[in-house]
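S.K.: A single structure is presented below for examination.
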Amino acid sequence: MDEARNAKDFGVVWTTLPEEAQARALARAIVEAGLGACVQRQAVRSTYLWQGALCDEAEWLLSIKTVRANFEPLARFIRDHHPYTVPEIVMLPWAASTPDYAQWVLETTRRAELPAANAGSGGASHDS
C-alpha cells in the first residue's frame, strides 16, 4: 500500500434514499464521478422523528467506500442529487483494511481528478 499509508485515510459514507431507483441512480453517479470506489445498496427500515412526528419508513441504504479526502465533495454531490431536505451523510472511518483493497479504493477514487474524457472508460469488474 504505497500511498495508502493507513486505514484512517479511508471510510464508508452512509446515506439513505426513499426509492430503489433513486438509490441505484445515485450509486451509479457516485462511482462514475470517482467519488466512491464501490457503492452497496440494501433495503432497510428506519424509525426516526421528523418535524415532531414518529416515522417508520422503508428506505435504501447506500454504503460508499471512499477516501477521507473525498468526504466534502461527496457530501456536496449527495446533497445536490438527494430528495431529502436533511439527508443522512455520515462517514465511518475504517479500523483496518487489507493493503490491496485500500490501494484499489485509492486508485479508483482518483478518477475524480481525471479529465471528463476519461470518465466511464471500461474496467475490470469487482465484487465488494
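The values are calculated or read from the model by the stated rules, or taken from the named source; none is laboratory data. Here the structure is a predicted model, which is why all the values come from computation and not from measurement. Quick reminder, even Gly has a Cβ in these numbers, built from the backbone with ideal geometry, and neighbours come from all protein chains shown.
S.K.: Please specify each residue of the range 29-75 satisfying the condition of being small (Gly, Ala, Ser) and without any contact (Cβ under 8 Å) to a residue 12 or more places away in the chain. Explain how you work it out, then say what you get.
M.R.: The initial filter retains those residues of the range 29-75 that are small (Gly, Ala, Ser), namely 29, 33-34, 36-37, 43, 46, 52-53, 58, 63, 69, 75.
Answer for the range 29-75, where residues must be small (Gly, Ala, Ser) and without any contact (Cβ under 8 Å) to a residue 12 or more places away in the chain: Gly52, Ala53.
Quick grid of which residues meet (1) surrounded by 17 or more Cβ atoms within 10 Å (Cβ to Cβ); (2) among the β-branched types (Val, Ile, Thr); (3) in contact with a helix residue (DSSP H, G or I) (Cβ under 6 Å, 6 or more places away or on another chain); (4) outside any strand (DSSP E or B):
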| residue | (1), (2), (3), (4) |
| --- | --- |
| Val12 | yes, yes, no, no |
| Ala27 | yes, no, no, yes |
| Arg45 | no, no, no, no |
| Tyr48 | no, no, no, no |
| Thr66 | yes, yes, yes, no |
| Ile78 | yes, yes, no, yes |
| Ser97 | yes, no, yes, yes |
| Tyr101 | yes, no, no, yes |
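S.K.: In addition: Could you tell me whether the range 110-124 includes any residue that is at pLDDT 95 or above, within 29 Å of Asn6 (Cα to Cα) and not in a loop (DSSP other than H, G, I, E, B)?
M.R.: Looking only at the range 110-124, we keep the residues that are at pLDDT 95 or above, and these are none.
No, because not a single residue in the range 110-124 is at pLDDT 95 or above, within 29 Å of Asn6 (Cα to Cα) and not in a loop (DSSP other than H, G, I, E, B).
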